[in-house]
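Engineer: Have a look at this one before I ask anything.
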Amino acid sequence: MRLTALQIEIVASCRDYLARNDQLPPTRQLQDRFGWKSQTSSVQQMNALIRRGILEFNENGKLRFRRPT
């Protein structure tokens, strides 16, 4: 499934944050990074990446990049 330009930018931002912090960025950080007025926008974008199979929840309920099966 193809990602939108915005989703590609979000994934790149998440990968950069993950490399520096060993976890995905909080939704508030994404909100600030992309200039969204609402944190809900961040949540909706992360949910879209889950639906597209890019992200998943780990056993502790935290988001992570989906692992190949």
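Please treat every number below as a calculation from the coordinates, not as lab data. Quick caveat, the model's predicted, so the values are computed rather than measured. Note that each Cβ is placed from the backbone with ideal geometry, even for glycine, and that neighbours are counted across all protein chains shown.
Engineer: At a Förster radius of 25 Å, what calculated FRET efficiency corresponds to the Cβ-Cβ distance of ARG67 and ASN47, to the nearest 0.05?
Structural biologist: Taking R0 as 25 Å, the efficiency between ARG67 and ASN47 is 0.85.
Engineer: Report the local net charge at LYS62: Lys and Arg +1, Asp and Glu -1, summed over other residues whose C-beta lies under 14 Å from its C-beta.
Structural biologist: 0
Engineer: Any idea what the relative contact order of segment 1-56 is, in percent, if you count C-alpha pairs under 8 Å spaced at least 6 apart?
Structural biologist: In percent, rounded to a whole number, it is 24.
Engineer: Just from the alpha-carbon atoms, what are the Rg and Dmax of the chain in angstroms?
Structural biologist: 11.5, 37
Engineer: Ok, one more. To the nearest 20 debye, what is the magnitude of the charge dipole of segment 7-69 about its Cα centre, counting +1 on the Cβ of each Lys and Arg and -1 on the Cβ of each Asp and Glu?
Structural biologist: 100
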